[in-house]
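Asker: Just passing along the structure, written as structure tokens.
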Ligand SMILES: Cc1cc2nc3c(=O)[nH]c(=O)nc-3n(C[C@H](O)[C@H](O)[C@H](O)COP(=O)(O)OP(=O)(O)OC[C@H]3O[C@@H](n4cnc5c(N)ncnc54)[C@H](O)[C@@H]3O)c2cc1C
């Protein structure tokens, strides 16, 4: 197959992965939370695992576990980077030991015969937001515009909502109505402020 290079030009930039926006506006960060997550396989098929989603607080953060439709278990540990063991993302034994630490989720894993077959993936799970997420000819959407603590369950809905709103604002801007991009940025900023105020009250 022959490779070919095409240069595309556009009067608008949409950033869905914090590539462009960071160069345009300051990135704010409320915390350094990270996640270690993996999908566990069920090695013992004699047990029907409980159809559930569990969230469990522990001394060093919190855990999330959810049974997937294909019978595997999605597990994530949310914590500060200081608590993450060196080599966790390379060593399955370290992850297996860590998976024993939550009380209820560890019991679920053990009793239904789930096992970690690979080390976890590490990902940023902090609350971050751009000071302004749109300008004259650009907009950021999803986590690139504002990423909320996953405990809030705002991630997917915000990604969908911002994608829709930013696309609509861009179409209007191309048609001459530049104010819509400013309105979009103001709406996202208001959402971030509401979230931060709610978080403080807990
Ligand atoms: C462990 C964990 C659990 C979570 N659980 C929940 C939950 O239960 N509910 C919830 O609502 N939210 C949850 N979130 C948050 C949620 O995942 C995000 O808010 C959401 O996925 C953001 O969507 P996005 O499209 O902005 O970014 P992403 O989903 O990160 O998508 C960005 C895409 O850009 C691609 N990309 C990266 N670099 C480039 C490049 N250079 N060029 C082209 N493409 C590129 C990536 O491959 C990726 O496909 C969780 C987050 C974490 C870390």
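Asker: Does residue 71 meet the test of being touching a strand residue (DSSP E or B) at 6+ places or on another chain (Cβ under 7 Å), assigned to a loop (DSSP other than H, G, I, E, B) and away from the ligand (no atom under 16 Å from the Cβ)? Walk me through how you get there before you give the answer.
Answerer: Numbers: touching a strand residue (DSSP E or B) at 6+ places or on another chain (Cβ under 7 Å): yes; assigned to a loop (DSSP other than H, G, I, E, B): yes; away from the ligand (no atom under 16 Å from the Cβ): yes.
Here the answer is yes, as residue 71 does meet what is asked.
Asker: Right, next: Please work out which one of (1) over 10 Å from the mean Cα position of the chain (by Cα); (2) within 20 Å of residue 34 (Cβ to Cβ); (3) within 9 Å of the ligand (Cβ to nearest atom) is the condition residue 123 fails and give its number.
Answerer: Single failed check for residue 123: (1).
Asker: Right, something else. Identify, please: which residue in the stretch 42-54 is surrounded by 14 or more Cβ atoms within 10 Å (Cβ to Cβ) and touching a residue at least 60 places away in the same chain (Cβ under 8 Å) and is, among those, nearest to residue 85 (Cα to Cα)?
Answerer: 42
Asker: Just give me the residues in the stretch 159-170 being buried (at least 22 other Cβ atoms within 10 Å of the Cβ) and within 13 Å of the ligand (Cβ to nearest atom), in sequence order.
Answerer: 162, 166
Asker: As an exercise: evaluate residue 67 against (1) at pLDDT 95 or above; (2) loosely packed, with under 15 Cβ neighbours inside 10 Å and give the number of the one condition it does not meet.
Answerer: Going through the list (1) at pLDDT 95 or above; (2) loosely packed, with under 15 Cβ neighbours inside 10 Å, residue 67 breaks only (2).
Asker: Check residue 134 against each of (1) more than 25 Å from residue 32 (Cβ to Cβ); (2) free of Cβ contacts under 8 Å to residues at least 60 places away in the same chain; (3) away from the ligand (no atom under 16 Å from the Cβ) and name the one condition it does not meet.
Answerer: The number of the failed condition is (3).
Asker: Moving to a separate point now. What's the number of the only condition in (1) over 23 Å from the mean Cα position of the chain (by Cα); (2) closer than 30 Å to residue 181 by Cβ that residue 97 fails to meet?
Answerer: Result: residue 97 fails condition (2) only.
Asker: Filter the stretch 146-158 for residues that are surrounded by 23 or more Cβ atoms within 10 Å (Cβ to Cβ) and more than 8 Å from the ligand (Cβ to nearest atom) and give the result.
Answerer: Residue satisfying the conditions is 146 alone.
The values are calculated or read from the model by the stated rules, or taken from the named source; none is laboratory data. Just so you know, these numbers come straight off a predicted model, no measurement behind them. All Cβ positions, even for glycine, are placed from backbone atoms using ideal geometry, and neighbour counts span all protein chains on display.
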